[in-house]
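Structure first, then comments.
The values are calculated or read from the model by the stated rules, or taken from the named source; none is laboratory data. None of these values were measured; they are calculated from a predicted model. All Cβ positions, glycine included, derive from the backbone under ideal geometry; neighbour counts span all protein chains shown. What goes into the accessible areas is simple: the full protein's heavy atoms, side chains included, and nothing from ligands, DNA or RNA. Shrake-Rupley method; radii C 1.70, N 1.55, O 1.52, S 1.80 Å.
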Amino acid sequence: MIENAHLAARVLALGLATLLCSAFLHAEVKGFQNRYFAEVDSSTWVLQLDPNMTFQSMITAKLQMGDTRNRYLLMGGLSKDQITGSYTPLMGSADTFRGERRFEIKRLSDNSLRLSLRDKNGEISQSLSFIANTEQAPIDTAILGTWLTATEPAGSAAQPYSGQQWTIRFMDNGMLCQHRYTVDTRKPPLAQDPCLKAQEQRWKAVDGKVYTAENGDDWALQFSYRLMAGRMVVSYSGGKRVVATMAANLTLSADSR
């Protein structure tokens, strides 16, 4: 009985310690803002900071580098006003990157920080100052362009070779078009310009979610997305998931309107 009571006390103490440690960590994380911006070579870079949900002592960050399709994943430990760790390509330059490299994030004030990226030799290759701005919602430039899914079988007894293909076009003017159309699965996938068939909508991407609005500021969630190895994995609220690839070197009729 006494032994069980001691065991229960130790479990309770461990749980309280974990909660206190977690609360302390998140109090420190709150010293940083979630999203920071920097102007680099006339383009906007975005640094997104999040507590790591798996390892409570770690911080995860994503660095989106302007209008390129390169972005880094940063993981490091937090000590007072500094985060240090390593970074790897999340997408883009994985073939030439080779391994992990070191980074440091130094909080300069309540709304600013400095990010230092080291090269493969351990030397600082870039040192950038970022400013937090809660009112600025960046366009996720990595998804700009036209994306296509592979043909999805949708045949019936009457039309056994019928399939569907989905395409979406994100434009840098804040508008998008998306369209789903029927194809013949016996033929190679054919890209169609969604803007010729579907109405344009305003769009914004926030924390991996795409919202659209047709009138005013009545934004509606369309889907969540992740970028993986050059592909966009789209997840709808009902559980449906599709994988789209960028339509590279494709000239659509709407491009010359």
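Tabulate in residue order the Karplus-calculated ³J(HN,Hα) for the stretch 76-84, using 6.51 cos²θ - 1.76 cosθ + 1.60 with θ = phi - 60°, rounded to whole Hz; enter x for Gly and Pro.
Here the 3J(HN,Hα) series is x, x, 9, 9, 6, 10, 9, 10, 10 Hz.
Return the carbon/sulfur percentage of the accessible area of the stretch 94-244, one whole number, probe 1.4 Å, all protein chains in place.
Accessible surface attributable to carbon and sulfur in the stretch 94-244 totals 46 percent.
As an exercise, identify the trypsin sites (Lys or Arg not before Pro) in the stretch 120-213 lying in DSSP coil whose Cβ has no more than 14 other Cβ atoms within 10 Å.
120, 186, 197
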